[in-house]
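The values are calculated or read from the model by the stated rules, or taken from the named source; none is laboratory data. Remember, predicted model here, so these are calculated numbers, not experimental data. FYI the Cβ positions are ideal-geometry reconstructions off the backbone, even for glycines, and counts take in every protein chain you see.
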Amino acid sequence: MALIAIVLLAHLNCNGHSIKKEPSVQQQSATAPPPAHIVDTSKQLYSYAEMMEDLNELQRYYPECVKVETRGKSYQGRAIPVVTFGNPTAQQKVMIQSAIHAREYLSAQLVMAMLEHYAKNYSTGSYQGRSLRDLFQQVGLVILPMVNPDGVEIAQKGEKGAKTEDVRLWIRQHTQAGVSHTQIKSNARGVDLNRNFQNGFGKDRKVKWNKDYSHYPGEYPHSEIESQLLLTIAQEHNYVCFLNYHTCGNLVYYGCKNASERVNTKALKMSQLIKRHTGFPLYGPTTSPECGSWADEVEVLYGRPSATIELGTRNPVPIAEFSDLYKKNLWIWADLARTIVNGDL
């Protein structure tokens, strides 16, 4: 049923209008070779509908290692996909999420392009002498490539990205106040999802107490559908670590001020691995006071290390920066899996 839902959603744009229809899974030959590129990384806007269609294609062509399901819907009714890459029954797992902030949709585009790379090379590729198949049979990835689809659609399309008049109204109010829709971080209810968690709730130094484009944590922790979904997925497995993709800054945050020393030490090791690939500077617990973020939640409530990669030089990140960011981040997943298999994290 999840695959059927994805196929149907992939042929709808954010307003419910049909877009160019591609052959369904049943209509295509199972032996047809995959296209050279599924995820389009050449243009600035990467929409929710495109992502859903790309996930459908990735699952179609790489069923051995890519499994997609939808696990709940956003406030505006958009299904939120969850991807399992590699072995779904692996004892060791890493949870990856991106685009929790609306204007940071390049993070979803990057994660999707990386997913395609790993899927394409799953059977024949290797990293430092270890086959990708072997690595990801032992370490499965659970990926939420676009946690905040409503916000992404608003960031890209303004009022046209909203489905209901209440949402269009507050977008219009911000626009009239001189704030561009391109700068929205929140979801369609005006809640900053990355401030909607329990550890440090309401402690952000820029906190706002009414719905806004950013920094409004919501009425209470976990008030939002999207936040609740992250918690549900996080509780389904005993994850080794959590990896978060944001923009911007070209840096890595790790640890949390009120996390345990053990967690912060592991988060540092995880972030040092990322730095070896990207060259990004690291910012640790002393510069990361708890503020109700997803990283704060998993580091304190679940006692697991987390690293947050901030991509690019400004928001939204110009597509001209994509190629360099892709090259720097491409092998992080394989290196992280290798490190876990070796017992070093």
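Residue pairs whose Cβ atoms lie under 6 Å apart, sitting 6 or more positions apart in sequence or on different chains, and linking a residue in region 271-282 that is touching a residue at least 12 places away in the same chain (Cβ under 8 Å) to a partner that is part of a helix (DSSP H, G or I) and crowded, with 19+ Cβ neighbours inside 10 Å, are 274/332; 277/332; 282/271.
Considering 219, 226, which residue is at pLDDT 95 or above, acidic (Asp, Glu) and buried (at least 21 other Cβ atoms within 10 Å of the Cβ)? Break it down into steps so the answer makes sense when it comes.
Details: 219 fails: buried (at least 21 other Cβ atoms within 10 Å of the Cβ).
After ruling out the rest, the residue left standing is 226.
Give me a count of the residues in region 229-266 that are assigned to a helix (DSSP H, G or I) and under 21 Å from residue 79 (Cβ atoms). Matching residues across region 229-266 total 6.
Is it the case that some residue within region 201-219 is among the acidic types (Asp, Glu) and farther than 30 Å from residue 169 by Cβ?
From region 201-219, those among the acidic types (Asp, Glu) are 204, 212, 219; that's our starting set.
The next check asks that each one be farther than 30 Å from residue 169 by Cβ; those that pass are none.
Checking region 201-219: not a single residue is among the acidic types (Asp, Glu) and farther than 30 Å from residue 169 by Cβ.
To keep it simple, each residue is scored yes or no on (1) of a type in the set (Val, Ile, Thr); (2) in contact (Cβ under 8 Å) with a residue 12 or more places away in the chain.
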{"residue": "111", "(1), (2)": "yes, yes"}
{"residue": "121", "(1), (2)": "no, no"}
{"residue": "141", "(1), (2)": "no, yes"}
{"residue": "148", "(1), (2)": "no, yes"}
{"residue": "164", "(1), (2)": "yes, yes"}
{"residue": "172", "(1), (2)": "no, yes"}
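Residues of region 186-213 that are under 18 Å from the mean Cα position of the chain (by Cα) and either among the basic types (Lys, Arg) or surrounded by fewer than 21 Cβ atoms within 10 Å (Cβ to Cβ) (or both): 195 alone.
Counting only residues that are closer than 21 Å to residue 117 by Cα, give me the helices (runs of 4 or more DSSP H) lying completely in region 278-345 with at least 2 of them. Write out each step before concluding.
Numbers: elements: 294-300, 322-329, 332-341.
The qualifying helices (runs of 4 or more DSSP H) are 322-329, 332-341.
A single member of 71, 133 is in contact with a Phe, Trp or Tyr (Cβ under 8 Å, 6 or more places away or on another chain) and either among the basic types (Lys, Arg) or in contact (Cβ under 8 Å) with a residue 40 or more places away in the chain (or both), and it is 133.
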